[in-house]
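A.B. asks: Before I ask anything, let me first share the structure, which is written out below as structure tokens.
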Amino acid sequence: MPADAPHARQPELTLRAILTGMAIGAVLTPCNVYSGLKIGWAFNMSVAAGLVAYALWNVAGRAAGGRCIGLLENNINQTSASSAASIVSSGLAAPIPALTLLTGQELAWQALAIWLFVVSLLGVVVAAGLRNQMLMRENLSFPSGVVTAEAMQEIHAGGREAMQRLRVMIYAGAVAAGLKFINDFIAAIPKLAPPINIPFARVAEGARQGEGVSCSNLGLALDPSLLMVGFGAIAGLRVGLSVLLGAAVAWAVLAPVALSQGWASAGESADAPWFGSLVEWLLWPGATLMTVSALISVGISVVRMRLRRAKEQQPAMTIAEQGRIMPRAVVAGFLVVLLLSVSAQTQYFAITILEAIAAILLSYVLAVVAARVSGETGITPIGALGKVTQFTFALISPGNIAANLMSANVTGGAAGQAADMLHDLRTGQIIGATPGFQVIAQVFGVLTGSLAGAAAYLLLIPDPQAQLLTPEWPAPAVATWKAVAEVLMGGLSALPPGAPAAMALAALAAVALALAERFLPPFVAKWVPSAPAMGLAFVIPAWNSISLFLGAVAGALLLRLFSDLARRRIIVIAAGLVVGESLMGVVSALSTIAD
């Protein structure tokens, strides 16, 4: 049974815990900005933050005569650090760059930081208001929170286990960072592609008309990068296989067909990958796969939850449970955030006051949906719910791209932070933390993430028009949000030749896969390809999909051969690979800009 009362006489909300979480979060935030623009995913940094803080204060601090950090204090640290690192869900890897690509509008650092903070703060307030309902009444699992609680308890139960995990994470990070350093600063490690052409493909138009299409042109190669290997190990074998299948369909079948039919153009070099020109066509069926499947899955989840709740009698909370987060504080917080969000939307994006209020109210409703889905599955459908807002504002404010994207930004960002907060609150509930203290830690983390995330984005992507949707910065979420906005604003005329038919087929496939996943027996459903994962493979280079698949296979083999050891080590190995390569990638990008 989860503990729901703070441990007696154990420090919890301390200045050290807050500052440690803010410092660790400031370092981890650029990692998620980097990976978000590379692959469209962000890594949950809770366990990594807890490990680093434990080592910092219980090893280095003890050697200097300082007090060890306890479980509850470390929980405040990881809450703050993980909320900072999750700031990427507030728009940095999707609607904000998409707005720049479509309109040219860019925000200065101060304005961008304020916008991120306001959007995320809405999610924190929503989560605080939902805590009693979702964790106490409905007792939703919030699996990431459970995993974090178990890991934190293991770390603090025995110092040896914690240090072993930390060493593994450091070694993995050093290997990934070292490989990235060699590739970027010493000698570029070539991607290994089979030296063959696709038999049925010939370029139909342009300067390369009549030429063949090689595996290298399509990106069908092995890439010397461990970032995607780390993500694959965490994602699991089903996602890895789905991404590989999606890459095969997109880059080995549809891309050659599009080139042969003249729907897509070839790149400038005969030997280089043609990602930039091909993804302009492939993003349409890819975005359709991701969007339709996500909306279908969310709809089914909501219907199932409502049917289940109608059959189950919800237990009443005790007075003590109701008092953990005061309703008056939540209401006051919501009113403050309402004022701040309306001001930010009208000031930065010329959205009318009524439209801004509508966006916030819709965001609250959809954040509740996102929290429920995340509570049951561990997956937060940020993209899908953002699309709901985009569709809604295409009716409310037709032709207004800023309103379409940035109102959806409010929805997605609030949903992401609300889900992150509720997972952290589940962790706290299990270990006996005080939820009000965690809300305070989350706010400090959001503040840190807003400042660090805005700086990281502007430093990494000084020229979004030239840098994004390229092999270096594929930005798949940006491509999807941009595509939806273009279709909603311009209709089918905005689509390239051949895309409508491909989108129709993708939509049918998405519906079929989503329904099969939900209604087939579990032992069959677990092998149904994931439509969102397949769609992702359409808008990232094929070599990234191959690396993710290899990571998934490696993780599955380790779990099969060394079940208990792998369960405790895979997450820290993956965290090390992601953080190591991301940090070195940030250094490399900044050095390139400086030159």
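The values are calculated or read from the model by the stated rules, or taken from the named source; none is laboratory data. Predicted model only: the values in this text are computed from it and were never measured. Note that each Cβ is placed from the backbone with ideal geometry, even for glycine, and that neighbours are counted across all protein chains shown.
A.B. asks: Test ILE430 against the stated conditions and say whether it is touching a helix residue (DSSP H, G or I) at 6+ places or on another chain (Cβ under 6 Å) and assigned to a helix (DSSP H, G or I).
C.D. replies: Answer is yes for this residue.
A.B. asks: Out of the residues in segment 129-156 that are of a type outside the set (A, V, I, L, M) and in a loop (DSSP other than H, G, I, E, B), state the one that is surrounded by the most Cβ atoms within 10 Å (Cβ to Cβ).
C.D. replies: PHE142
A.B. asks: Restricting the search to segment 200-219, which residues are out of contact with any strand residue (DSSP E or B) (no Cβ under 9 Å at 6 or more places or on another chain) and at pLDDT 85 or above?
C.D. replies: Correct list: SER216, GLY219.
A.B. asks: Now for a separate question. Which condition number does LEU51 fail, the rest of (1) touching a Ser or Thr at 6+ places or on another chain (Cβ under 8 Å); (2) of a type outside the set (Lys, Arg); (3) at pLDDT below 90; (4) surrounded by 24 or more Cβ atoms within 10 Å (Cβ to Cβ) being met?
C.D. replies: Every listed condition holds for LEU51 apart from (1).
A.B. asks: Answer yes or no: is there a residue in segment 521-540 that is farther than 24 Å from ALA247 by Cβ and not in a loop (DSSP other than H, G, I, E, B).
C.D. replies: yes
A.B. asks: Since ARG309 meets every condition but one in (1) closer than 26 Å to VAL511 by Cβ; (2) surrounded by fewer than 19 Cβ atoms within 10 Å (Cβ to Cβ); (3) of a type outside the set (A, V, I, L, M, F, W, C); (4) at pLDDT 85 or above, which condition does it not meet?
C.D. replies: If we test ARG309 against (1) closer than 26 Å to VAL511 by Cβ; (2) surrounded by fewer than 19 Cβ atoms within 10 Å (Cβ to Cβ); (3) of a type outside the set (A, V, I, L, M, F, W, C); (4) at pLDDT 85 or above, just (4) comes out false.
A.B. asks: Here are LEU469, LEU451, LEU458: which of them is aliphatic (A, V, I, L, M), buried (at least 19 other Cβ atoms within 10 Å of the Cβ) and on the phi < 0 side of the Ramachandran plot?
C.D. replies: Criteria check complete, one pass: LEU451.
A.B. asks: Which numbered condition in (1) more than 30 Å from GLY386 (Cβ to Cβ); (2) touching a Ser or Thr at 6+ places or on another chain (Cβ under 7 Å); (3) modelled with pLDDT under 95; (4) of a type in the set (A, V, I, L, M, F, W, C) is the only one that TRP41 fails?
C.D. replies: The one condition TRP41 does not meet is (1).
A.B. asks: If VAL410 satisfies all but one of (1) out of contact with any Ser or Thr (no Cβ under 6 Å at 6 or more places or on another chain); (2) among the hydrophobic types (A, V, I, L, M, F, W, C); (3) modelled with pLDDT of 90 or more, what's the number of the condition it fails?
C.D. replies: Status for VAL410: all satisfied but (1).
A.B. asks: Looking at LEU101, is it in a helix (DSSP H, G or I) and either among the hydrophobic types (A, V, I, L, M, F, W, C) or under 23 Å from the mean Cα position of the chain (by Cα) (or both)?
C.D. replies: yes
A.B. asks: Could you tell me how many of the residues in segment 254-307 are among the hydroxyl-bearing types (Ser, Thr, Tyr) and without any contact (Cβ under 8 Å) to a residue 24 or more places away in the chain?
C.D. replies: Number satisfying all stated conditions: 2.
A.B. asks: Is it the case, given these coordinates, that GLY413 is assigned to a helix (DSSP H, G or I) and over 24 Å from ILE353 (Cα atoms)?
C.D. replies: When the stated conditions are applied, GLY413 does not pass them.
A.B. asks: GLU106 fails exactly one of the following numbered conditions: (1) part of a loop (DSSP other than H, G, I, E, B); (2) modelled with pLDDT under 90. What is the number of that condition?
C.D. replies: (2)
A.B. asks: Name the single residue that is modelled with the highest pLDDT among those in segment 375-385 being more than 13 Å from the chain's Cα centre (by Cα) and surrounded by 24 or more Cβ atoms within 10 Å (Cβ to Cβ).
C.D. replies: Taking the candidates together, the pick is GLY375.
A.B. asks: With the requirement that a residue be closer than 17 Å to TRP543 by Cα and β-branched (Val, Ile, Thr), what does segment 235-263 give you?
C.D. replies: Selection gives VAL239, VAL243, VAL249, VAL253.
A.B. asks: Is segment 486-494 home to any residue that is at pLDDT 90 or above, of a type in the set (A, V, I, L, M, F, W, C) and either touching a Cys at 6+ places or on another chain (Cβ under 9 Å) or surrounded by fewer than 24 Cβ atoms within 10 Å (Cβ to Cβ) (or both)?
C.D. replies: No; the residues of segment 486-494 include none that is at pLDDT 90 or above, of a type in the set (A, V, I, L, M, F, W, C) and either touching a Cys at 6+ places or on another chain (Cβ under 9 Å) or surrounded by fewer than 24 Cβ atoms within 10 Å (Cβ to Cβ) (or both).
A.B. asks: Check every one of the helices (runs of 4 or more DSSP H) wholly within segment 207-282 and list those with 2 or more residues that are in contact with a helix residue (DSSP H, G or I) (Cβ under 8 Å, 6 or more places away or on another chain) and not acidic (Asp, Glu).
C.D. replies: Once the helices (runs of 4 or more DSSP H) in segment 207-282 are filtered for at least 2 residues that are in contact with a helix residue (DSSP H, G or I) (Cβ under 8 Å, 6 or more places away or on another chain) and not acidic (Asp, Glu), what remains is 227-235, 237-247, 255-261.
A.B. asks: Determine which single condition PRO497 fails, assuming it passes every other condition in (1) within 25 Å of THR389 (Cβ to Cβ); (2) modelled with pLDDT under 95; (3) of a type outside the set (A, V, I, L, M, F, W, C).
C.D. replies: Just one mismatch for PRO497, condition (1).
A.B. asks: Could you tell me which numbered condition SER225 fails, if it satisfies all but one of (1) touching a strand residue (DSSP E or B) at 6+ places or on another chain (Cβ under 6 Å); (2) closer than 26 Å to LEU557 by Cα; (3) not hydrophobic (A, V, I, L, M, F, W, C)?
C.D. replies: The number of the failed condition is (1).
A.B. asks: Of everything in segment 172-218 that's closer than 30 Å to ALA48 by Cβ and of a type outside the set (A, V, I, L, M, F, W, C), which residue is surrounded by the most Cβ atoms within 10 Å (Cβ to Cβ)?
C.D. replies: Applying the filter and picking the extreme gives GLY173.
A.B. asks: I've got another one for you. Looking only at segment 180-196, decide whether some residue is in a helix (DSSP H, G or I) and within 24 Å of the chain's Cα centre (by Cα).
C.D. replies: Taking every residue of segment 180-196 in turn, at least one turns out to be in a helix (DSSP H, G or I) and within 24 Å of the chain's Cα centre (by Cα).
A.B. asks: Pick from ALA574, ALA566, ALA516: which is in contact (Cβ under 8 Å) with a residue 60 or more places away in the chain and assigned to a helix (DSSP H, G or I)?
C.D. replies: After applying the criteria, what remains is ALA574.
Every residue, every condition in (1) part of a helix (DSSP H, G or I); (2) of a type in the set (Val, Ile, Thr); (3) touching a Gly at 6+ places or on another chain (Cβ under 8 Å); (4) more than 21 Å from THR20 (Cα to Cα), yes or no:
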| position | (1), (2), (3), (4) |
| --- | --- |
| CYS68 | no, no, yes, no |
| VAL88 | yes, yes, yes, no |
| ILE96 | yes, yes, no, yes |
| ALA127 | yes, no, no, yes |
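A.B. asks: Going through segment 323-350 one residue at a time, which ones are farther than 16 Å from VAL126 by Cα and modelled with pLDDT under 85?
C.D. replies: Listed by number, the list holds a single entry, GLY323.
A.B. asks: Tell me the residue from VAL586, VAL579, VAL572 that is surrounded by fewer than 24 Cβ atoms within 10 Å (Cβ to Cβ) and within 25 Å of PHE185 (Cα to Cα), please.
C.D. replies: VAL586
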